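Okay, so here's the structure we're looking at.
The values are calculated or read from the model by the stated rules, or taken from the named source; none is laboratory data. For clarity, every value in this text was computed on a predicted model and none was experimentally measured. All Cβ positions, glycine included, derive from the backbone under ideal geometry; neighbour counts span all protein chains shown. The area values use the complete protein model at the heavy-atom level, side chains included, leaving out ligands, DNA and RNA. Shrake-Rupley method; radii C 1.70, N 1.55, O 1.52, S 1.80 Å.
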Amino acid sequence: MRIRTDGDYAYREDAIERAADFYDCNKTKAVVSACEDVPRLVAAARQVLERDDLTHEQRREIAETLSTRVTNFEVEKTVTIVQD
């Protein structure tokens, strides 16, 4: 597999190098490691944001902290009024 890093895709090289630095390994292993980690991390973040013991403000702050350029977590507050 090849990943284009020329022209408009030059930013990918920096992202891959940051991952290699983070995982302290070569670029190929870093890309594979990130691909394995991201789905699990996103699922864990969703699980935390759905906890009943957090206030709406706490959920909003956590969502803001965990959001990235690519993955954005949003918290909605729904109020339903039922009149008989």
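Data overview
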{"item": "Residues of the range 51-74 classified as at pLDDT 95 or above, acidic (D, E), within 27 Å of A15 (Cα to Cα) and open to solvent by 100 Å² or more (accessible area, probe 1.4 Å), total", "result": "1"}
{"item": "Total residues in the range 39-50, condition in contact with a helix residue (DSSP H, G or I) (Cβ under 7 Å, 6 or more places away or on another chain) and open to solvent by 50 Å² or more (accessible area, probe 1.4 Å)", "result": "1"}
{"item": "In the range 16-38, the residues that are surrounded by 14 or more Cβ atoms within 10 Å (Cβ to Cβ) and polar (S, T, N, Q)", "result": "S33"}
{"item": "Given (1) surrounded by 10 or more Cβ atoms within 10 Å (Cβ to Cβ); (2) more than 30 Å from E76 (Cα to Cα); (3) small (G, A, S), number of the condition G7 does not satisfy", "result": "(1)"}
